[in-house]
1. Ranked by Cβ crowding within 10 angstrom, fewest neighbours first, how are THR105, THR57, THR155 ordered?
2. Could you please rank THR150, THR55, placing first whichever residue has the fewest other Cβ atoms within 10 Å of its Cβ?
3. From the backbone phi of segment 152-168, what are the Karplus-calculated ³J(HN,Hα) couplings (6.51 cos²θ - 1.76 cosθ + 1.60, θ = phi - 60°) in whole Hz, Gly and Pro given as x?
4. Looking at segment 25-101, which GluC sites (Glu not before Pro) are DSSP coil and have at most 14 other C-beta atoms within 10 Å of their C-beta?
5. Tabulate in residue order the Karplus-calculated ³J(HN,Hα) for segment 117-134, using 6.51 cos²θ - 1.76 cosθ + 1.60 with θ = phi - 60°, rounded to whole Hz; enter x for Gly and Pro.
6. List the relative contact order of the chain as a percent without decimals, with contacts defined as Cα pairs under 8 Å and 6+ residues apart.
7. Can you sort TYR109, TYR180 so the residue with the fewest Cβ neighbours within 10 Å comes first?
8. Once a ≥ b ≥ c are taken as the square roots of the eigenvalues of the Cα gyration tensor of the chain, is the result rounded (a/c under 1.5), prolate (a/b larger than b/c) or oblate (a/b not larger than b/c)?
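Only the coordinates and a few stated rules stand behind these numbers; no lab work does. If you're wondering where the values come from, they're calculated on a predicted model, not measured in any experiment. In this analysis, Cβ positions are derived from the backbone assuming ideal geometry, glycine residues included, and neighbour counts consider all displayed protein chains.
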Amino acid sequence: MGRLSRAAWDAEAEAFDDEPDHGLRDPVVREAWRALLLSVLPEAPGRVADLGCGTGTLALLLAEEGYVVDGVDFSPEMVRRARAKATGTTGVTFVVADAAEPPLTPATYDVVLCRHVLWALPDPAAALARWRGLLAPGGRVVLIEGSWSTGAGLTADETVALVEGSGMRAELRRLPEAVYWGREITDERYLVVGA
């Protein structure tokens, strides 16, 4: 997966949760993400594939809300940390695998969730086609992406075009509010639901 190597993502794992939107350690930021996700997901219980799950923060948040979540990340260290955080939490599993080609059962997920991963994939359109194949009838893809001040990422228009190119209808919600990021932002951040 992606523009960084597995070793690079393993190295990122130690400090990954220090970012407010990664670790969700601030209760205000955590509640903002909980409310946002619940507003675009079908009601629990439902089955969610969290692709590129990192240290599992969103997977755990959703498991605590009653969803059954399968997290996938190609960094063994990210998955190790996710599993450690999940100790004692039911309804969540984590596997080391490429988010672009997740080893999950087709047509069984209500939601494919992916945060800040699509931009890093070598072939985002092919990944989206595979992810769409994971969805049960009526399922949806939820993408949280951005075009960051570093020059990395995808614009909202690019992501909407990818979703629509995969045969889904795209609904865009921009996320400029500081409450999601733990600080004011000047770059483009957003959520796209594909159904």
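1. On the way: THR105 11, THR57 24, THR155 14.
With the sparsest Cβ surroundings first, the list reads THR105, THR155, THR57.
2. Values: THR150 8, THR55 28.
Exposure proxy ranking, most exposed first: THR150, THR55.
3. 7, x, 10, 6, 4, 4, 5, 5, 4, 5, 5, 5, 5, x, 8, x, 9
4. Working: sites: GLU31, GLU43, GLU64, GLU65, GLU77; in loops: GLU43, GLU65.
Sparse-neighbourhood loop GluC sites (Glu not before Pro): GLU43.
5. 10, 3, 4, 8, 7, x, 9, x, 5, 5, 4, 4, 4, 5, 5, 4, x, 7
6. Details: 391 pairs, mean separation 37.8, N = 195.
Relative contact order of the chain: 19 percent.
7. On the way: TYR109 25, TYR180 18.
Sorted ascending by nearby Cβ count, the order is TYR180, TYR109.
8. On the way: a/c = 1.16, a/b = 1.04, b/c = 1.12.
Taking the square roots of the gyration eigenvalues as a ≥ b ≥ c, the chain is rounded.
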